[in-house]
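Participant: Here you go, one structure.
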Amino acid sequence: MMVKIADDLAAYGWAKCEDFLSNDEWRALVADIQRLKDANLMRPAGVGRATDFQLNASVRSDLIYWLDEHETSSAQKVALARLDELRTTLNRELYLGLRELEAHLTHYGPSGHYAKHVDNFQGQSSRILSCIVYLNESWQPSDGGKLLIYAPNDPERLLGEVEPRAGTLACFLSRDIPHEVATTTRDRLSLTGWFR
Ligand code: OGA
Ligand code: MN
């Protein structure tokens, strides 16, 4: 599974894996998000971080919770361990030199979206690989909310689409791949992370 992801990343700049987390594993993360929502800890995401942070709901409309390495739940530990397995495989196979992960739990409500963007625009951040693990049971095509992936040097050309089905991982090179979250018609949950 991990080596297939490495091969696809090398060939295409992006990859997907439909059984990255088991049912029990993603269900435990959904329960985490529910607890965080109940505790009012899921907050509107900004565009940019730290000094250039701004809220702009016309660009992205999700609620997020940044994982805190001192307070990871058992569900988060399992998912982070799986992502770390991916990290070591990619370093071995592709020499990506991935070191650390920053990650948040993510909730787009109905009519949520994220306009086309790159996660590391012209090398302005140290993000190398973007990873999203989806947590949505019985997703239907009519629910929208696809991840749309565009060509590195031609952001008008669609390379691929990923439905945000529970257990699926999508990953891509943060500097190269323009992408967008199409408008979702139902709640859309994920764990989103970037390796630096
Ligand atoms: C992001 C992003 C894609 C997705 O958070 O930067 O592009 O499918 N997410 O949620
Ligand atoms: Mn992105």
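Just so it is clear, none of the values below were taken in a lab; they were calculated from the coordinates. What you see is a predicted model, and the numbers here were worked out from it, not measured in a lab. Here Cβ is always computed from backbone atoms with ideal geometry, including for glycine, and neighbour counts include all displayed protein chains.
Participant: Mind listing which GluC sites (Glu not before Pro) in the stretch 117-196 are in a DSSP loop and have 16 or fewer other Cβ atoms within 10 Å?
Facilitator: In loop regions of the stretch 117-196 (DSSP not H, G, I, E or B), the sparsely surrounded GluC sites (Glu not before Pro) are GLU137.
Participant: Additional query: Need the full-extension length gain, GLU85 to ASN56, defined as separation in residues times 0.36 nm minus the C-alpha distance. One decimal, nm.
Facilitator: 7.0 nm
Participant: How large is the dipole of the chain about the Cα centre if only Lys and Arg carry +1 and Asp and Glu carry -1, each at its Cβ, rounded to the nearest 20 debye?
Facilitator: 240
Participant: Got a sec? How would TRP66, TRP14 order by Cβ neighbour count within 10 Å, fewest to most?
Facilitator: Arranged by neighbour count, lowest to highest, TRP66, TRP14 become TRP66, TRP14.
Participant: Here's a follow-up. Straight-line reach from LYS116: which lysines have a Cα under 17 Å away, not including same-chain ones fewer than 8 places off?
Facilitator: Correct list for LYS116: LYS146.
Participant: Here's a follow-up. Convex hull volume of the Cα atoms in the chain, per residue, in Å³?
Facilitator: 119
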